[in-house]
Structure formats: C-alpha cells, structure tokens
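In what follows, a structure is listed as structure tokens, so that the remarks can point back to it.
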Amino acid sequence: MPRTAVTKRPRTQQQIGTVMAIIVLLASAGYVLWNSKFKPDSIVPVNEVSQLRHDVSMVWDWMEPELAGGSKRGEWSLRLNGQWTMEQANRAAAELGLTLELSPDAATAAPRLTYRGELDRSDEQPYKLSMWLQLDDESAEEADEADNPPGKGKPQVSGKAAPYGDAVLLLQAPAGILRTQLIEAAARIEQAAKQAGGHYEGSFAVRGEPEDQAAARRIVQKAAATRQEAYDDGHTVSIAYASSKLRTSIMSGSKRINMQIAEVDGDAGIAAQIVVGVPLITGDYRGQN
C-alpha cells in the first residue's frame, strides 16, 4: 500500500506529566537535563563498545526507512556532558584540534565564566565540533593556577583538588553524513574524553522529514518501546519511551526513559519534522543548541 503524504494531524488530548513538562521546557532552552544529578565518579568511561555508539547504530537502522531520503538525510547531533576540570577540558580539546578561549562576554557573564572552542566542518571532517566549559569566577582563577603535569591524578590548587565545571562537547552533522562517518565521529569524541580522563554522559538526536505520518509509530514498534510520558502543545507532540534495545537511559522520577520522539507540524515553507533523541532530545526541536 503506498504511503500517504505528511499532513497536519488531528489533535487529541494528552496527559501532561509534571516531569515531562519540565523535560520539554529544559530541552527547548538547550539546558543539560542531568547537570543537577551528575556525579563525576558515577559515569563509566568509554570502552570499545560504548553505549553511545551502540545506540546510534540501532537508531540509524530504525530511521533508515522512516526519514525521507534515509538516515543519511537526517541532521545528527552527538553530545557529551560532564563535569571536568580546566585541565581535563583542555586535554580533550587538544585531542580534537580545538582551543578553548574565554568567551568575549565574560565581563557580563560573571560569576559564571565560559570557555569555548569551535571547529567547522571541512572536506576531511564532515561535521562541526563545539566545546564549552563553564566555571564559577573563583573556580576559573584557581584552575588557571593549577600546574600539575597531566595524567598524575587530579590537578591540585593550593593543596586542594582543582575545581570542576560543566563541560559540553557537541558534534553537529548536517544531512549527508554516512553511517561509518557518524560512528567514527562518535568514537573520536569519546576517545578524546577518555584521553582527558573525563567522565561523561552521552546523548544524541536525529532530525528530519518523516516518510509519512506513521513513521513515529513504526519506530516505536521496532524499538519495542513502552510509552512513559507525553506532552502536546498543539504544534508538537513529544512522547518519552523506554526500550530494552537501547543501553543509554535516565530516571524520570520512578520511570526509566531512554528514547524521546517529537513530531513537529510543518509551518509555511517548512516541512513537518520528526525528532528522535536518546535518552532525551536536548536543544530545540528544530535544531541543536
């Protein structure tokens, strides 16, 4: 039976869980959902078969027939979030060819200072890399004073451990990236985190035009996923699921969640979109921030 074209969907009343509403608000702002719960020593460093790369590969297979043009026509973003010292962040950045510099708006951003680095895509690297580290003003001064050689444990400042800040490493791949390139890119950023001695949590999302209105339903079936929470604002339907086929997950209250699917209605001149995030969608539904 031929698939139907995507049109606006009739709306039904959705139950909006308090936790889900918070999730969507934070994701829309590009906030790191698990920052408040993150413990530097609670995350297992990358190994040969990482959770992130396993899940990227699974979702690529599920999305292949569900995106117009296949998975390579989607916009993929991979993200590592952690709490790193300045030294760890600089080591990871160096592994990736990035240089972290104090943000130009540092004077107005106090007491939180942000160090940023970016590397645009090229013929050799079909994706953009961005990294930033946020430190309290006093912590940033202490971090600059740290002078321990790398790989000798936690750097010390005046007899105490160097301060940790909120670190984000973001990879953005435009439509056209190949599966092998995406998996290699994931391995590259995880290796940089491992070399720096930094612990992290990984997440990713893919955005694109759905093949038809039933694309989200078929993805859920392939994932053998069970619905946990839902949100509907009349323009975007977002549902969080649990799937035993994915290895990455977070806890939302007493519920374990590891996949979020959002269906966004098209606007004038803009096609409808489907967004799949593991374990959640971070950033705006139409783009990673």
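Any read-out appearing in this document is the output of simple, stated calculations on the displayed coordinates, not a laboratory observation. The structure presented is a predicted model; accordingly, all values stated were derived computationally and were not measured. All Cβ positions, even for glycine, are placed from backbone atoms using ideal geometry, and neighbour counts span all protein chains on display.
Annotations
- Gain on full stretching of the segment that runs from D123 to S103 - 0.36 nm per residue minus C-alpha separation: 4.4 nm
- In order along region 51-61, the Karplus-derived 3J(HN,Hα) couplings, from 6.51 cos²θ - 1.76 cosθ + 1.60 at θ = phi - 60°, round to 4, 4, 5, 4, 6, 4, 5, 4, 5, 4, 5 Hz, and Gly and Pro are given as x.
- In nm, spacing of pseudo-spin labels at E95 and R217 (7 Å Cα→C-beta vector): 4.4
- Flagged links, alpha-carbon separation over 25 Å, of K194/K255; K72/K222; K128/K222; K72/K194; K194/K222: K194/K255; K128/K222; K72/K194; K194/K222
- Once the chain from H54 to R227 is taken as fully extended at 0.36 nm per residue, the excess over their C-alpha distance is 60.1 nm.
- Sites T180 and D137, calculated FRET efficiency, Cβ-Cβ separation with R0 30 Å, nearest 0.05: 0.10
- Cβ crowding within 10 Å ranks S122, S130, S252 as S122, S130, S252, fewest other Cβ atoms first.
- ³J(HN,Hα), Karplus 6.51/-1.76/1.60, whole Hz, each residue of region 240-246, x for Gly, Pro: 9, 10, 10, 10, 6, 7, 10
- Efficiency of FRET between Q191 and D61 - r from beta-carbon atoms, R0 22 angstrom, step 0.05: 0.40
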